[in-house]
Amino acid sequence: MSVVAIIGRPNVGKSTIFNKLTSSKSAIVADYSGLTRDRKYGNLKESHITLIDTGGLNDDSDDMSHAIKEQTDLAIQESDLLLFVVDAIDGILPLDKEIAQSLRKQNKEIVLLINKTDNSMLEESSAEFNSLGFERTIFLSASHNKGFVSLRDLLTEFDDSENLDDSVYESSSTKISIIGRPNAGKSTLVNALLGEERLVVSSESGTTRDSIDVPLDIGDQNFTLIDTAGMRRKRSIKEETEKFSVSKSVDSIKRADLVILLLDGSENIVDQDIHLLGLTLAIGRPVLLVANKIDLLNKSDKEDLENKINRKLKFASYIKLHYISAKEKRGLKKLLQIANSIYQDSLKDLDTSIVNKILKSALFNQQPPMSGRFRPKLRYAHSGGKNPPRIIIHGNNLKQIQDSYTRYLENYFRNELELGSTPLEVVYKDQENPFKNKPNQLNERQIKKRKRMIKRRKK
């Protein structure tokens, strides 16, 4: 399989090109510099070429710039082809020359992509880029979809898929989204599971800005770890870039098979952690609560944390809690075992006869409260889907059932079906009256009788 890395300074359009080639919106794109920081992987449509979007290279000497450069260097090392992106509007900048010189030392095939050539005048003025000394050049306008046919044709030259077994790519992986507040240790956890510095890690809040998919294979188990940006309370979000990041994090929950909610154990559980758990459960994803940084906790601290979690999460007491130290790589093996077990629970086939037996037992233990003169009648139930498991209950007057009774049924079904940390949804279907909203059709005899009764009333 061929690997292609997209390289360049910030805001030249690398992520837009990446999204166009992968036919996705997986990379954050906006008119802000430095949105991409980690390596982001994707596949060229209808090929086995892997594309890598990288962070923008700059000449700053701060820790973040250094970390981004390290990630880019790793992308270059594993690539067969480098796409060097420059900005036609800006022209050649000194930093472009520095990057070009550095890339030539890698002994890799390099193609120069001159982006933002929206018109012929910009294309003509881009002749100055010839001084960079690259033989192969393609003019692009990512915003106007210009030049991508030529680029895709070029990339297919590096596609060695004919020599590969397609079965390698047919295996599905379990998608695990890792969410939490800023600096909870999400990227550190991903790096620890991978055994390499795959993601940028910093004490600076908001280091991760995009959602990064990272494959992880352990034996015959295939996972995709989704590292997300730290999510703060809405009123604390001031930067526009952070709004993009939070939006991508929410999307990552929706497309995940399972969610790991990472707590900073040293700071105890806070309202934002509870909000994130509620959001995950509302979307309907199985969730594992993981307390990180236990290396900073003594026995008393751990007991205090557990008591607070039990007290604040009474609404979701079925959620499993696991302790780890991502920094010291403690509890990681068991973490994936528990996560996989929870995911398998969410895929259980629910037999209709068993579901109805459980419903009958639940009703025997506790009937739904009266609603006016009538009591809701729950007649029969069946499965309505997986991940999350859904129970559909049919009957009469079901719209009158109180939320507290619905929670009772959800907990009852979850316990009886041994679903563990998997949320379960109960959906009601009222049986419709077949004669509702239909006019009463009278026969001739009934019409005559009605007329006689009307005459009597008038007298």
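The values are calculated or read from the model by the stated rules, or taken from the named source; none is laboratory data. Quantities reported herein were computed from a predicted structural model and do not represent experimental measurements. Here Cβ is always computed from backbone atoms with ideal geometry, including for glycine, and neighbour counts include all displayed protein chains.
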(request) Would you please list the contacts, defined by Cβ atoms under 7 Å and residues six or more apart or on different chains, that run from a residue in the range 107-122 that is of a type in the set (Ser, Thr, Tyr) to a residue that is part of a helix (DSSP H, G or I)? (result) Thr117/Glu123; Thr117/Ser126
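On the given criteria, is Lys449 in a strand (DSSP E or B), farther than 21 Å from Leu281 by Cα and without any contact (Cβ under 8 Å) to a residue 40 or more places away in the chain? Full working, then the answer.
On the way: in a strand (DSSP E or B): no; farther than 21 Å from Leu281 by Cα: yes; without any contact (Cβ under 8 Å) to a residue 40 or more places away in the chain: yes.
Here the answer is no, as Lys449 does not meet what is asked.
For the range 290-316, what are the residues that are in a strand (DSSP E or B) and touching a residue at least 40 places away in the same chain (Cβ under 8 Å)? Full working, then the answer.
Within the range 290-316, the subset in a strand (DSSP E or B) is 290-292.
Within the range 290-316, Val290, Asn292 meet the criteria.
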(message) Out of the residues in the range 94-108 meeting the condition of being over 34 Å from the mean Cα position of the chain (by Cα) and not in a helix (DSSP H, G or I), tell me which one is farthest from Lys20 (Cα to Cα).
(response) Lys105
(request) Specify which of the listed residues (Thr188, Thr228, Thr224) is at pLDDT 75 or above and surrounded by 24 or more Cβ atoms within 10 Å (Cβ to Cβ). (result) Thr228
(request) Of the numbered conditions (1) within 25 Å of Gly56 (Cα to Cα); (2) modelled with pLDDT under 75, Ser167 fails exactly one; give the number of that condition. (result) (1)
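If I filter the range 331-340 for residues that are closer than 22 Å to Gly195 by Cβ, more than 28 Å from the chain's Cα centre (by Cα), assigned to a helix (DSSP H, G or I) and assigned by TED's automatic domain parsing to the domain that holds Ile176, do I get at least one hit? Walk me through how you get there before you give the answer.
Applying the first criterion (closer than 22 Å to Gly195 by Cβ) to the range 331-340 yields 331-340.
With more than 28 Å from the chain's Cα centre (by Cα) added as a condition, the list becomes none.
The answer is no, given that none of the residues of the range 331-340 is closer than 22 Å to Gly195 by Cβ, more than 28 Å from the chain's Cα centre (by Cα), assigned to a helix (DSSP H, G or I) and assigned by TED's automatic domain parsing to the domain that holds Ile176.
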(message) Condition first: in contact with a Leu (Cβ under 7 Å, 6 or more places away or on another chain) and hydroxyl-bearing (Ser, Thr, Tyr). Now tell me which residues in the range 305-355 satisfy that.
(response) Tyr343
(message) Testing Asp349 on (1) part of a loop (DSSP other than H, G, I, E, B); (2) in contact with a helix residue (DSSP H, G or I) (Cβ under 7 Å, 6 or more places away or on another chain); (3) surrounded by fewer than 16 Cβ atoms within 10 Å (Cβ to Cβ), one condition comes back false. Which one is that?
(response) (2)
(request) State whether the residues of the range 355-362 include one that is in the same structural domain as Arg255 (by TED's automatic domain parsing) and loosely packed, with under 15 Cβ neighbours inside 10 Å. (result) no
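Would you check which residues across the range 73-93 are among the charged types (D, E, K, R), assigned to a loop (DSSP other than H, G, I, E, B) and surrounded by 15 or more Cβ atoms within 10 Å (Cβ to Cβ) and list them? Full working, then the answer.
Let us first name the residues in the range 73-93 that are among the charged types (D, E, K, R), namely 73, 78, 80, 87, 90.
Retained after the next criterion (residues that are assigned to a loop (DSSP other than H, G, I, E, B)): 78, 80, 90.
Residue satisfying the conditions is Asp80 alone.
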(message) Let me spell it out: the conditions are (1) among the hydrophobic types (A, V, I, L, M, F, W, C); (2) touching a Gly at 6+ places or on another chain (Cβ under 9 Å); (3) under 16 Å from Ser421 (Cα atoms), and Leu281 meets all of them except one. Which number is the exception?
(response) (2)
(message) Quick check on the range 256-276: of everything there that is under 17 Å from Asn183 (Cα atoms) and of a type in the set (A, V, I, L, M, F, W, C), which residue is surrounded by the fewest Cβ atoms within 10 Å (Cβ to Cβ)?
(response) Val270
(request) State yes or no: is Lys436 within 30 Å of Ile392 (Cα to Cα), modelled with pLDDT of 90 or more and not in a helix (DSSP H, G or I)? (result) no
(request) Identify, by number, the condition in (1) crowded, with 20+ Cβ neighbours inside 10 Å; (2) touching a Pro at 6+ places or on another chain (Cβ under 8 Å) that Asn58 doesn't meet. (result) (1)
(request) Can you tell me which residue among Ser172, Ser203 is over 17 Å from Leu335 (Cα atoms), out of contact with any Gly (no Cβ under 7 Å at 6 or more places or on another chain) and modelled with pLDDT of 60 or more? (result) Ser172
